[in-house]
Amino acid sequence: MNQVIGPDISFYQDEPTTPQGVNFTQMRSLSDFVILRAGQNLWADSKFKTYWSEAKKAGLPRGSYWFYDSRADPKKQAELWVQTLAGDLGELPLFADFEERYGGTYKGWQNWYVFLERLKALVGKKEICIYTAYYYWRDNAPNATSQAANLEYFHKYPLWIAHYLVEKPSIPKPWGENEWLLWQYTEKGDGKLYGVESLQIDLNYFNGTKDDFKARFKLSDETTDPDDETSYRIDLSVRSGPAESYTSLGNLTQGDVVTSLGTSTDKTWSQIRRADGLTGWVNNNPFVQIVAPNPDPDPDPDPDPDPDPDPEPGTGRMYRVPAASLRMRSGPGTTYEIIGSLIKEQIVEEISANSDKTWLKVRRDTGLTGWCAAEYLQQIQSPVPPPPPSDYPWYQVTVASLLVRDGPGTSYASINSLVKDDVVLALGPISAGWVQISRADGLTGWCASSYLKELGTTQPTTVRQKLFSGSIYYRKEFSSPHTWVAHVLTLDLNAANFFYIVTPPSVADGTLCTRVTSSFLTEFSVHIAINGDGFTYLPPAASACSAGDPVKVNGYAASRGKIYNDKKAATFFVNANNEVTIGTAKGAIYNAVSGDRIVLTNGKMVKDLAENIPAPRTAIGITKNGRGLILMVIDGRQPGYSDGVNLHELVDMLISFGAYNGINMDGGGSSAMVIKGLDGAPRVLNQPIDENIVGQERSVANHLGIFIKSK
């Protein structure tokens, strides 16, 4: 059987720094359909409108999906999806995507029900389907035994199942074994082949033949005309009377605002007038905005000679609301009248601030302006564009060991080596079978190109490099359910000799003087350093610190046998034999550094982990056999580059690298991962952010340092 195949894509498949975009004509030559992300939460996908139009021009049958987000009202999400489609619902069904793990106010299948019911009310007979994965559905849908009736409700929606690296997908109840409509069988399709700019792409099979596909969706050899009765367009026509049987006089388009002239007896139709004079009847769709007519104004006995002022200019600074809700007031204080509210994750623009900057005057996207307490607003950077592609390719090593030489030939001295699957960047074109490469620790040299596999000029989503004996560095990019970049160092504690140090106190009472992680690495001559505990600033004291600020750590801390803070906390311990544990010390404590909480215990996520918005994170994990140590830093608060992760996502990351126990360290602007370069200078592997300055390290209290000696 010839498989019916098609990709699903979003704005992630377009490289914003290049002009070409997605080639839907090329996609059409290989695909039978395409499914496009319409949006998530309360925002539309930035490329959806363009993709929707271009796919139609290319003759591709189109479906849309909405990534359900538990942080936003289900009804509002459904309404925005329909608004985003602007009357053209596509040739394939609408796909409700249930896979998120934000743990927001609207989590759980009961809210999925609300979302689907509202969507049904808006789109009438248009088919709605469900996208999910087996284990996610099993663990989050109604229980198949105790809530069988609730589970059966979802049976009416055809299934789009995600399951990779298998011959056939596993299907969750209430659907039967072969009762799936689409199967997302890979997330690693050849993106370039299908006309997108990302290296990889999701691909999906239809459960049937090409004839079955055409019959199932009432398609001809070309994409069905959206005006055809089978595509279930929402009627935005302006008609000569209050029913679809009346003549169409014109159409409304997205963004039109019309004046009400009256309603039909059953209130389902409104008579309207548009600014250009178009007058007639429209069906009362939820996305048609109708305003009351303006009464004829009374003559103004004393006209104001000055026109209305322009809106107040903003400062250009943007803020995110991290709290569940936030009140807007008419002035800078709690005694002023409440004039509106903001919801979690909403973005506002700063207009001004009061004298001590404890209150900010902000503007919502609706234009409403008001005052909010500054402590409940989190400033965000303007989107950080991804780095442009290098002029030269990335390469992957294909042999067990590959020498790096100081010139392009075997007569040159060997200066280092790479190992199989290492990924390195070329610094120039291939010259007589040799290519100059670079690595994260500053290594540059020449390798024989015959032992390298070219990966393209865009940085791969996963970069793997062996930097030290027993240590491998990974840089991984993720695009779903949102964007983040992770930096991970995995240490095989049996492959080399590892020695540890935690920042010692600056004075006998346990006071430390803050320093950036790079300075700590240099001062204590270690190979690897990450930030440690949270801390509290102390009153300035002339004798306490010659540099940095005097601080006390929040949790338990010890350095080289000296305990300088004995407060009980979630702690990473090192004994005198350099054995490492999390939570419970093994023998006498030699070094110890704490985080804000343990997040992973005996292979399981800690119950009742507080949910929070994505943020920069630092974490430490230990494998079950105690042989592996995982150091992890996630970049964040840099929209367009990396949002960061919440604690559930952090645990998933730790587990994916083999952690059995794990601890969340101080994060946010403190998160930093630094290594000693080959030239002896510190090299910051991640992209920290401090005081909203991308790339700036924060001065923190203590650190964990690791010195490595080959066996």
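In this structure, the amide hydrogen of residue 660, modeled 1.01 Å from its nitrogen in the peptide plane, lies closer than 5 angstrom to those of 622, 623, 624, counting only residues at least 5 positions away or on a different chain.
Rolling a 1.4 Å probe over the heavy atoms of the protein chains gives the stretch 465-612 an accessible area of 43 Å² per residue. Checking Cβ-Cβ separations below 4.7 Å across the chain identifies 129, 372, 447 as cysteines lacking any candidate disulfide partner. With respect to the chain, whose longest principal axis is taken over its alpha-carbon atoms, helix 109-123 is tilted by about 40°.
In this structure the stretch 1-153 gives 40 Å² per residue of accessible area when probed at 1.4 Å with all protein chains present. For the stretch 647-711, report the accessible area per residue in Å² (1.4 Å probe, heavy atoms, rounded to an integer). With all protein chains present, the stretch 647-711 gives 36 Å² per residue.
Report the net charge of residues surrounding residue 11, where surrounding means a beta-carbon distance below 9 angstrom and charges are Lys +1, Arg +1, Asp -1, Glu -1.
Neighbour charge sum, excluding residue 11 itself: 0.
The apolar share of the surface of the chain, taken as the fraction of accessible area on carbon and sulfur atoms (1.4 Å probe, ligands and nucleic acids excluded), comes to 49 percent.
For the chain, the Cβ-based charge dipole about the Cα centre amounts to some 2820 debye (Lys, Arg positive; Asp, Glu negative; other atoms uncharged).
Relative to the dominant Cα principal axis of the chain, helix 647-656 is inclined by about 60°. As a length-normalised measure over Cα pairs under 8 Å and 6 or more apart, the relative contact order of the stretch 392-533 settles at 17 percent. Residue-wise HN-Hα couplings along the stretch 568-585, as the Karplus relation 6.51 cos²θ - 1.76 cosθ + 1.60 with θ = phi - 60° gives them from phi, are 4, 7, 6, 10, 9, 10, 10, 9, 5, 8, 6, 8, 10, 9, 10, x, 10, 6 Hz; Gly and Pro carry x. Stretching residue 57 away from residue 606 to a fully extended chain increases their span by 192.6 nm, per 0.36 nm per residue minus the current alpha-carbon distance.
Accessible surface ranking for 559, 220, 1.4 angstrom probe, highest first: 220, 559. Spin-label pair residue 220-residue 509: with each label point 7 Å from Cα along the Cα-Cβ axis, the two points sit 8.6 nm from one another. Here the simple spin-label model places points 7 Å from the Cα toward Cβ, and for residue 25 and residue 279 these points are separated by 4.7 nm.
Pairs from the list 586/624; 76/120; 192/218; 56/214; 126/188 with a Cα-Cα gap above 19 Å: 192/218; 126/188.
Report summary: the helix-based calculation at 222 nm, which adds -39500 (n - 2.57) for every DSSP H run with n ≥ 4 and divides by the residues of the chain, gives -3000 deg cm²/dmol.
Does anything in the stretch 183-199 have its amide N under 18 Å from the 7 Å Cα→Cβ label point of residue 656, and if so which residues? Within reach of a label on residue 656, which here means backbone N under 18 Å from a point 7 Å along Cα→Cβ, the stretch 183-199 contributes 185-189, 199. The stretch between residue 147 and residue 210 holds 19.0 nm of extra length on full extension. This uses 0.36 nm per residue minus the Cα-Cα distance.
For a paramagnetic label modelled on residue 624 (point 7 Å from Cα along Cα→Cβ), amide N atoms under 15 Å away belong, within the stretch 578-603, to 601-603. The slack in the chain from residue 352 to residue 461, taken as 0.36 nm per residue of separation less the alpha-carbon distance, amounts to 35.2 nm.
Packing, as the average of other Cβ atoms within 10 Å across residues, places the peptides 132-143, 670-681 in the order 670-681, 132-143, highest first. Each residue of the stretch 195-205 was assigned a 3J(HN,Hα) from its phi angle through the Karplus expression (A = 6.51, B = -1.76, C = 1.60, θ = phi - 60°), giving x, 9, 8, 6, 5, 10, 8, 6, 10, 9, 9 Hz with x at Gly and Pro.
Taking every C-alpha pair closer than 8 Å and separated by at least 6 residues, the mean separation divided by the residue count of the chain gives a relative contact order of 9 percent. Distances between placed amide hydrogens fall under 5 Å for residue 535 paired with 554, all partners being 5 or more residues away or on another chain.
Pairs of alpha-carbon atoms within less than 8 angstrom and 6+ residues apart define the contacts here; what relative contact order does the stretch 662-711 have, in percent?
28 percent
If you take the beta carbon distance between residue 43 and residue 694 as r and set R0 to 22 Å, what does 1/(1 + (r/R0)^6) give as a FRET efficiency, to the nearest 0.05? Rounded to the nearest 0.05, the efficiency is 0.45.
Ordering 608, 441 by accessible surface, largest first, gives 608, 441; the 1.4 Å probe counts only protein heavy atoms, with every chain in place. Compute the helix-to-body angle for 74-85: its Cα long axis versus the longest principal axis of the chain, expressed 0 to 90° and rounded to tens. The two axes meet at around 70 degrees. Placing a label point 7 Å from the Cα of residue 578 along the Cα-to-Cβ direction, the residues of the stretch 478-520 whose backbone N falls under 15 Å from that point are 491-502. The protection proxy used here, the mean number of other Cβ atoms lying within 10 Å of each residue, ranks peptides 395-406, 631-642, 478-489 as follows, highest first: 631-642, 478-489, 395-406. Candidates 615, 3, 336 compared by Cα position along the dipole of the chain: farthest toward the positive end lies 615, with charges placed on Cβ.
With all pairs of different C-alpha atoms in the average, the Kirkwood value for the hydrodynamic radius of the stretch 132-199 is 13.4 Å.
Peptides 426-436, 38-48, 203-213 ranked from most to least packed, by the mean per-residue count of other Cβ atoms within 10 Å: 38-48, 203-213, 426-436.
The values are calculated or read from the model by the stated rules, or taken from the named source; none is laboratory data. Bear in mind that the values here come from a model prediction, so they are computed numbers and not experimental data. Methodologically, a virtual Cβ is constructed for each residue, glycine included, from the backbone with ideal geometry; neighbour enumeration extends over all protein chains shown. When the accessible area is computed, the model is the full protein with side chains, heavy atoms only, and any ligands, DNA or RNA have been set aside. Shrake-Rupley method; radii C 1.70, N 1.55, O 1.52, S 1.80 Å.
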